[in-house]
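Asker: Please read through the structure below; I'll follow up with questions.
The values are calculated or read from the model by the stated rules, or taken from the named source; none is laboratory data. Remember, predicted model here, so these are calculated numbers, not experimental data. Here Cβ is always computed from backbone atoms with ideal geometry, including for glycine, and neighbour counts include all displayed protein chains. Accessible surface areas use protein heavy atoms only, side chains included; no ligands, DNA or RNA. Shrake-Rupley method; radii C 1.70, N 1.55, O 1.52, S 1.80 Å.
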Amino acid sequence: MRTRSSWTRPASAGLGILVGLLAAAPPVRAQGGWDQAYGNLANTSFVNITTHVPVAPRWAFQLDGAVSAGGPSVDSKSGTIYVGTANGTFWSLLPNGDFHCSRSFRNSTITSTPAIFPNGDIAILVTRPFGEANQTALARLTPNCGLVWQVDLPRRRSGEPSSASGSVKIWTLNGLSFLFVHGRYTIDIDLTTAAPESFHELLVYDGEGRIFARHQTGNWCIDIGGGLGWEITDLWDVLTSFWPTVGSVPPLYETYGWPDSTPAIMDSNIRDLATPSRPLVAVTDHNCAVSLDVFQFSPAAAASADRLVKRWGTRVDSDGTRLSSPTVTPAGLIALGTSGHRVRVYDAVTRTLKWSYDTTYAVMHPPALAPDAWIVPSDYLVHFLKPISGGLLGTARPQPFPTDGSLAGLAASLNEVVVPNFEELGIWSHDLLSLTHALRDEHFRTSSPALDASGRLYVVAQTNERSVLFAFGPP
């Protein structure tokens, strides 16, 4: 086992070999399924299959603690299911629901949906107390729950902690994997400059846990306190202590917390912005200036500064607004939700706001992007929108329809969308003509579901007494 508590730069000889390997290599993409947060690199929460999710689960497995705004992921080759809990336990389950292995990160919480490497290894973010704040580490594990390495996110020169409560994304080129993390308080800034940037960064690690590229995200904020404050602390305090009365303190994120941004990656050909070997990376930041940043990642570049270049950035909303993780499309559209009750869609090519829609309630997670509908979860409503114009779809039922409240993301197939909420698990058809009420006595508050390429659904129900992973679908 190799464990590092701080980052180091790769040796120059190794970089020369790496650049050569990357020069003309095609990227590796998952064969379909749900191998990382929001399903895939682009955060679309969509699987390109037709599903018929049944009412009754195939099996259930009780976990040791609550699951955050992340959730389970599924290895597309082995069918193994992975999930992490607020108690710091990493769980691995076989497709039939049998226990496979687990690993405990003592005095820590797992703050992300696991992301799966092409060889079956897994990356997660683990957060532990550090003084009065929190320190997050990036860890790589084997499929048998062995620790390959663990490295703290970089800290400022003062030694104050750095944190992340989103999820890690894995993109692979010619057998070489890169891990993308949005970190808070990972860098010092020059306060003497006319327009200083922020303490936050988009960090890119190589498969050995070394920082390969990095770039600041967001804009300057006068709050220079150390580490991540209430976002992680309150989130885990709530998940591990008590469940407040539904709707008693609206908006819901004031009670449950708001996760950091999970980057979205698109490696299609997008005019001058991206190619299959030089992907576009979008990340949101709500430091003080609430912003969307778009980068291009060029892994074959010899100089570190040329590997992650900011192509575009825009202020999204007023100070104090929080942003969901972004979703990106092959055409270069970027969709995100806000605590200010909006879905906003930007065109990365023209660098303009394409459309905006009022959702009535806060939108913590990015829209699920199916071909016929963009499906948006907010605190108490689910909205089926036209992908081109953003208006409500004309359907047989009134739009939008209410839920009992939820902070979970969605999972969509070609014909169905999974909607976890505080009182049940709902599976709707895209035309709203069909609704399956599953597990009406269970509570689905904060964990996003996973839907794999075989039509199996995995979702966590939880109360203050227990947390249970349920599996639906074909054996």
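Asker: Contour minus end-to-end for LYS386 and ARG315, with contour as 0.36 nm per residue of separation and end-to-end as the Cα-Cα distance? It would help to have the intermediate numbers written out before the result.
Answerer: Values: separation 71, 0.36 × 71 = 25.56 nm, distance 2.45 nm.
My answer for the length gained is 23.1 nm.
Asker: How high is the FRET efficiency from LEU147 to SER268, r the C-beta distance, R0 45 Å, rounded to 0.05? Show your work: numbers first, answer last.
Answerer: Numbers: r = 35 Å, r/R0 = 0.77.
Computed FRET efficiency for LEU147 and SER268: 0.85.
Asker: Still on this structure: Estimate the FRET efficiency between VAL349 and GLU465 by the formula 1/(1 + (r/R0)^6), using the beta-carbon distance for r and 51 Å for R0, to the nearest 0.05.
Answerer: The pair VAL349/GLU465 has a calculated efficiency of 0.55.
Asker: What is the spin-label model distance, in nm, from LEU176 to LYS77 if the labels are put 7 Å beyond Cα along the C-beta direction?
Answerer: Result: 2.0 nm between the two label points.
Asker: Just subtract the alpha-carbon distance of ARG128 and ARG210 from 0.36 nm times their residue separation and send over the number in nm, one decimal. Each step should come with its number before you reach the end.
Answerer: On the way: separation 82, 0.36 × 82 = 29.52 nm, distance 2.04 nm.
Gain on stretching ARG128 to ARG210: 27.5 nm.
Asker: Tell me the carbon and sulfur percent of the accessible area for the range 391-458, rounded to whole percent, probe radius 1.4 Å. Please report the intermediate quantities before stating the final value.
Answerer: Details: 1060 of 2190 Å².
Summing carbon and sulfur atoms, their accessible area is 49 percent of the total for the range 391-458.
Asker: Related question: Rounded to whole Hz and in sequence order, give me ³J(HN,Hα) for the range 83-92 from the Karplus expression 6.51 cos²θ - 1.76 cosθ + 1.60, θ = phi - 60°, writing x for Gly and Pro.
Answerer: Calculated HN-Hα couplings, in order: 7, x, 10, 5, 7, x, 9, 9, 10, 10 Hz.
Asker: Taking 0.36 nm per residue of separation and subtracting the Cα-Cα distance, what length does fully extending TRP59 through ASP98 add?
Answerer: Details: separation 39, 0.36 × 39 = 14.04 nm, distance 0.93 nm.
Roughly 13.1 nm would be gained on extension.
Asker: Here is a further query. Arrange the residues LYS310, LYS169, LYS354 by how much accessible surface each exposes, largest first, with a 1.4 angstrom probe. Can you show the working numbers first?
Answerer: Values: LYS310 75, LYS169 0, LYS354 100 Å².
Result of the area sort, largest leading: LYS354, LYS310, LYS169.
Asker: Continuing with the same structure: How many angstrom lie between the Cα centre of the range 282-310 and the Cα centre of the range 47-105?
Answerer: 32
Asker: How do ARG315, ARG322 stack up against each other in accessible area, from largest to smallest, with a 1.4 angstrom probe?
Answerer: Values: ARG315 135, ARG322 35 Å².
Putting ARG315, ARG322 in descending order of accessible area: ARG315, ARG322.
Asker: Rounded, prolate or oblate: which one fits the range 323-462, using the alpha carbon gyration tensor with axes a ≥ b ≥ c (rounded when a/c is under 1.5, else prolate when a/b beats b/c, else oblate)?
Answerer: Working: a/c = 1.60, a/b = 1.55, b/c = 1.03.
Taking the square roots of the gyration eigenvalues as a ≥ b ≥ c, the range 323-462 is prolate.
Asker: Within straight cross-link reach of LYS77, meaning Cα distance under 26 Å, which lysines are found once same-chain residues fewer than 8 apart are removed?
Answerer: Counting by Cα, and skipping residues close in sequence, LYS77 has these lysines nearby: LYS169.
Asker: Mind giving me the nanometre distance, one decimal, between the label points for ALA302 and ARG106, set 7 Å out from Cα along Cα→Cβ?
Answerer: 4.8
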